[in-house]
Amino acid sequence: MLLLLLLAVVFFMGKDFFYGSKKDKNVYEYEINRLREVDKSQVCYSEIKQINPEIEKLKGIAVDNKDRIYVSGSDKVLIFDKTGEPVQDFSIGKESNCIAISENGEIYLGISDHIEIYDFSGNLIKSWESPKEKTLITSIAIGESSVFVADAGNKYVHRYNTEGEYQNYIDRKNTEKGVKGFFIPSPYFDLLIGRDGELWVVDPGRHTLMNFTDNGEVVSIWSKTSMQVDGFSGCCNPSHIAMLSNGSFVTSEKGIERVKIHKPSGEFDCVVAGPELFEKGTRGLDLAVDSEDRIIVLDPKKKLVRIFEPTGENN
């Protein structure tokens, strides 16, 4: 009898723990939905254009010095002018995770574990060797004399010269100061070259942006962990970054799908696109910025390239 009573108690405790009441579920859902709400007064950009690229998977986006928009993904590269009209496309026959355009117009693609470089017509110019086993390239940033490659597989940033010769890697570690390496629980690891030629890298598991020298010394750092709109939460956020002409950071997130602007200091500025504009579960909101500070967002869930421009009061 005592055994039956004990089993009954365990059953109802388990039912309560795993399923909860409808009331508890509603409270939880309410809190999540509340976090997805954006105060309209905080929105500083508006969507002006959508492009429907004819490609199965959308993975990477970039803008060149003529404001042409480049999209990479499952097996090809598509190029559009600033108005969204197609101007070029070519097949690469393989999936590209990310894309970057050099000042002379060369197209750098992250193909799984190595870099391939194409010209505007789609001719393969160079293919660089993979830097390391387990490499997974998620971002490329091209500087004046260096090319930086984010490797989510090994949690490194690889540095090459512009000829493709390997220079060094950056892993964030400093054993003397007890600083650990990059924390990258999932394949979202982004970087960029700032307006003064400096390297910025996201440490996504710690909701942190770090500025490094070419040799891996930390210059500056900012971080903001928060469920609120002024910070980042969950796993691997911000997932993607870009930079405006004034040095402010554009960031995108997964979990709570949104695009925001943070001042050069890291302080929250405003919202570009709130969660209501995206389907729940959207990931991979890659970003680019053109010469007019328009923000181009890759939306892989809706299979769109979405262009946002500053609202009147922010021009």
### Query
Given the conditions (1) surrounded by 23 or more Cβ atoms within 10 Å (Cβ to Cβ); (2) not in a strand (DSSP E or B), and given that Ala100 satisfies all but one, which numbered condition is not satisfied?
(2)
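Being surrounded by 13 or more Cβ atoms within 10 Å (Cβ to Cβ) and of a type in the set (D, E, K, R) is the filter here, so list the residues in the stretch 196-221 that pass it.
Listed by number, the residues that qualify are Glu198, Asp203, Arg206, Asp214.
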### Query
Does at least one position in the stretch 281-297 carry a residue that is within 22 Å of Pro53 (Cβ to Cβ) and in contact with a Gly (Cβ under 8 Å, 6 or more places away or on another chain)?
yes
### Query
From the list Asp286, Asp269, which residue is more than 20 Å from Leu191 (Cβ to Cβ), surrounded by 17 or more Cβ atoms within 10 Å (Cβ to Cβ) and modelled with pLDDT of 95 or more?
Asp269
### Query
Among all residue pairs at least 6 apart or on different chains, which show Cβ distances below 6 Å where the first residue, located in the stretch 199-226, is under 20 Å from Arg159 (Cα atoms) and without any contact (Cβ under 8 Å) to a residue 24 or more places away in the chain and the second is of a type in the set (Val, Ile, Thr) and assigned to a strand (DSSP E or B)?
Asn211/Val219
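For the condition within 26 Å of Ile51 (Cα to Cα), among the aliphatic types (A, V, I, L, M) and out of contact with any Phe, Trp or Tyr (no Cβ under 9 Å at 6 or more places or on another chain), what is the one hit in Val271, Val250, Val259, Val305? Break it down stepwise before answering.
Numbers: Val271 fails: out of contact with any Phe, Trp or Tyr (no Cβ under 9 Å at 6 or more places or on another chain); Val259 fails: out of contact with any Phe, Trp or Tyr (no Cβ under 9 Å at 6 or more places or on another chain); Val305 fails: out of contact with any Phe, Trp or Tyr (no Cβ under 9 Å at 6 or more places or on another chain).
Of the residues listed, the single one that is within 26 Å of Ile51 (Cα to Cα), among the aliphatic types (A, V, I, L, M) and out of contact with any Phe, Trp or Tyr (no Cβ under 9 Å at 6 or more places or on another chain) is Val250.
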### Task
State the number of residues belonging to the stretch 257-315 that are in a strand (DSSP E or B), more than 18 Å from the chain's Cα centre (by Cα) and closer than 28 Å to Ile79 by Cβ.
2
### Query
So which residues in the stretch 68-83 are surrounded by 15 or more Cβ atoms within 10 Å (Cβ to Cβ) and assigned to a loop (DSSP other than H, G, I, E, B), if there are any at all?
Arg68, Lys82
### Query
Can you tell me how many residues in the stretch 107-132 are farther than 18 Å from Asp190 by Cα, outside any strand (DSSP E or B) and under 23 Å from the mean Cα position of the chain (by Cα)?
2
#### Entry: When residues of the stretch 164-205 are limited to those that are at pLDDT 95 or above and of a type in the set (D, E, K, R), the one nearest to Ile140 (Cα to Cα)
Asp190
### Message
So if I check each of Glu106, Glu144, Glu95, which one is surrounded by 13 or more Cβ atoms within 10 Å (Cβ to Cβ) and over 15 Å from Gly60 (Cα atoms)?
### Response
Glu106
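The values are calculated or read from the model by the stated rules, or taken from the named source; none is laboratory data. Bear in mind the structure is a predicted one, so any value in this text is a computation, not a measurement. Cβ: placed from backbone, ideal geometry, glycine included. Neighbour counts: every protein chain shown.
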